[in-house]
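Heads up, the thing below is written out as structure tokens.
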Amino acid sequence: MHIIIKDISKHVDKEVEIKGWLYNKRSSGSIAFLELRDGSGFIQAIVSKDEVEIQVWEAVEKLTQESSLIISGKVSAHPKKEGEFELQVSNINIVQISEEYPIAKKEHGPDFLLDNRHLWLRSKRQWAIQRVRDEVIQAIYDYFHEKNFIKIDTPIITPNACEGSTTLFSIEYFDQGEVYLSQSGQLYLEAAIMSVGRGFDFGPTFRAEKSKTKRHLTEFWMMDAEAAYVEHEENMQIQEEMICFIVNRCLERRGEELEILERDLEPLKKIKAPFTRLTYTEAIEKLNSLGSDIKFGEDLGNDDEGLLTKNEAVPVFIHKWPKNIKPFYMKVDPENSELVLNNDLICIEGAGEIIGGSQREDNYDILKSAIDKEGLEGPEYQWYLDLRKYGSVPHSGFGLGLERTVGWICGVEHVRETIPFPRMINRVRP
Ligand code: 4AD
């Protein structure tokens, strides 16, 4: 009977068949230990020369790393490790003997591994990261559906700029002139929630960022969420609740993967609402008191984010930023017209900013002048302004960067490992 490794515990003492690849082989005299993978997991298969047909042993001798094979045998509990299982092999069908595999056990440099990303993905660490990524995606869908948010698919080809004109990828669109790849689905989501009340999108977003840091990709996946009649404080509550949900889900379901990644689980177990809240003004004061020379009105750098979260057990909201360093759509703080009702969420353990969000400007005239001030006037923003003419309501939302979130949960330093095929300023292949 064909089974997948993930289900092995249900088949103890039974004859089963596994279809997969050889991850590793060791042999000592007349016993061979084959480490198999089938996509769902890894298992050790044991072949005793004296107990199998001669052609089975010959097959074992021929097998190279990454050869594809169908293997049959009896499942047994691991003699020493509780909860682990082995396969006592009776037969092997070789599907293909792999050529010498370029990624060997030895250390390889990042450029070599990225050039071979199509093969590197098969390594145990990359397998584990992709499975955590999948879990985070699933958790986000589950969280929002539980909270009555509807999935809305926003467009990727857009004639407007959501996050400023300096990081746009442009394309010629037939006879319609220059259009761009989406930086965020937010503006379209704002239109959709005036229909469905609460919505989220999830898709690739594009930034022609010149930054060569460990946290920047030119193509990354963002989840934008948006909700009508939600204001600034509730917007932050939704964010912290969602982050707690995602972390708990990964702890519950991805223990094996986090163990492969040697992730210290203690910091993740301590993630609980409420998260720390600092206004931007308080954050600057705190940074200055810690020795930083940052001035009011400047953006926070990596070092500043590190300093602000150093002694924190939970992520930190930095909210109410100066209006002039933030995008046009953020709602002006009624208590201080120089500030906006927004927040960044800065993660612990050096993972940096994972969410940017805000209450949106819902007043037609204020929004119109903010758009004009940024030089964005014209037909591309008229439909967005229309939303403030026909039943405008207070509303808020935020965007979560998937790769940075997965990087944090996995304890992986560079976001390039958290997306299957990373695109960065110096890399667009394979
Ligand atoms: O803070 P950002 O730019 O927010 C927006 O785009 C809003 N329109 C979202 C919204 O309110 N619906 O981006 C949101 C998140 C960041 O916090 C970060 O996690 C991630 O997207 N991000 C990147 N991730 C990888 N590479 C990049 N170049 C990124 N730029 C932003």
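The values are calculated or read from the model by the stated rules, or taken from the named source; none is laboratory data. Small disclaimer: the values here were computed from a predicted structure and weren't measured. Cβ coordinates were reconstructed from backbone atoms using ideal geometry, including for glycine residues, and neighbour counts include every protein chain displayed. Protein only, heavy atoms only, side chains kept; ligands, DNA and RNA dropped before computing areas. Shrake-Rupley method; radii C 1.70, N 1.55, O 1.52, S 1.80 Å.
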- What residue among Ile31, Ile92, Ile43 has the largest mean-square fluctuation in a Gaussian network model of the chain, using Cα springs under 10 Å? Ile31
- Query: Between Asp372 and Thr167, what length in nm is gained on full extension when 0.36 nm per residue of separation is reduced by their alpha carbon distance?
  - Reply: 71.9 nm
- Query: Arg423's amide H: which non-local residues (gap 5+, or another chain) put their own amide H closer than 5 Å, with H modeled 1.01 Å from N in plane and none for Pro or chain starts?
  - Reply: Thr218, Glu219
- Message: Compute a Gaussian network model of the chain, connecting alpha carbons closer than 10 Å, and tell me which residue from Asn235, Asn93, Asn342 fluctuates the most.
- Response: Asn93
- Karplus-derived 3J(HN,Hα) from phi for segment 301-317 (6.51 cos²θ - 1.76 cosθ + 1.60, θ = phi - 60°), whole Hz, x at Gly and Pro, runs x, 4, 5, 5, 4, x, 5, 5, 10, 3, 9, 9, 8, 10, x, 10, 7
- Query: So what are the ³J(HN,Hα) numbers for segment 118-127, from phi and the Karplus equation (6.51, -1.76, 1.60; θ = phi - 60°), rounded to whole Hz, Gly and Pro as x?
  - Reply: 4, 9, 4, 4, 7, 5, 4, 5, 5, 4
- Query: DSSP loop trypsin sites (Lys or Arg not before Pro) in segment 250-335 with at most 13 other Cβ atoms within 10 Å of their Cβ, which ones?
  - Reply: Lys270, Lys272, Lys295, Lys310
- Task: Net charge near Thr166: determine it from the other residues with C-beta under 14 Å of the C-beta of Thr166, scoring Lys and Arg +1 and Asp and Glu -1.
- Result: -2
- With the Cα gyration tensor of segment 5-96 in hand, convert its eigenvalues to equivalent ellipsoid semi-axes via √(5λ) and list them largest first in whole Å. 19, 15, 12
- Query: What residue among Gln186, Phe317, Gly407 has its Cα farthest toward the positive end of the dipole of the chain, where the charges are +1 on Lys, Arg and -1 on Asp, Glu, each on the Cβ?
  - Reply: Gly407
- Query: Alpha carbon centre of segment 105-149 versus segment 259-277: separation in Å?
  - Reply: 19
- Message: Using amide H atoms built in the peptide plane, which far-off residues or other-chain residues are under 5 Å from Ile4 H to H?
- Response: none
- Message: Residue by residue through segment 383-389, what is 3J(HN,Hα) from phi via Karplus (6.51 cos²θ - 1.76 cosθ + 1.60, θ = phi - 60°)? Round to whole Hz and write x for glycine and proline.
- Response: 4, 5, 5, 3, 4, 8, 9
- Would you mind pulling out the separation of the Cα centroids of segment 312-382 and segment 224-241, in Å? 14
- Between Glu178 and Glu259, the FRET efficiency computed from the C-beta separation at R0 = 30 Å comes out, to the nearest 0.05, as 0.05
- Task: List the relative contact order of segment 1-89 as a percent without decimals, with contacts defined as Cα pairs under 8 Å and 6+ residues apart.
- Result: 33
- Note on the structure: Computed for the chain: size of charge dipole around the Cα centre, +1 on C-beta of each Lys and Arg, -1 on C-beta of each Asp and Glu, debye to nearest 20, value 900
- How big is D for segment 213-346, in µm² s⁻¹ as a whole number, if Stokes-Einstein is applied with the Kirkwood radius of its Cα pairs at 20 °C and 1.002 mPa s? 127
- Item | Surface accessible to a 1.4 Å probe, per residue, for the residues of segment 117-417, Å² | 44
- Proximal charge balance of Gln96 [Cβ under 14 Å; K/R count +1, D/E count -1]: -1
- Task: Taking each pair of different alpha-carbon atoms in the chain once, compute 1/r for the pair, average those values, and report the inverse of that mean as the Kirkwood hydrodynamic radius in Å to one decimal.
- Result: 24.4
- Measure nothing fancy, just the Cα-based angle from helix 232-253's long axis to the longest principal axis of the chain, in degrees from 0 to 90, nearest 10. 0
- Could you give the Stokes-Einstein D for segment 292-430 in µm² per second, using the C-alpha Kirkwood radius, 37 °C, 0.692 mPa s? 190
- Name the most mobile residue of Gly411, Gly73, Gly109, meaning the one with the largest mean-square fluctuation, in a Gaussian network model of the chain with Cα contacts below 10 Å. Gly109
- Task: Determine the alpha carbon to alpha carbon distance for each of Lys210/Lys295; Lys326/Lys389; Lys81/Lys106; Lys147/Lys295; Lys81/Lys124; Lys80/Lys124 and list only those over 29 Å.
- Result: Lys147/Lys295
- Item | Within-12-Å neighbourhood charge of Leu290 [Cβ basis; K, R +1; D, E -1] | -2
- What nm distance separates the two modelled labels at Ile94 and Leu119, each placed 7 Å from Cα along Cα→Cβ? 1.8
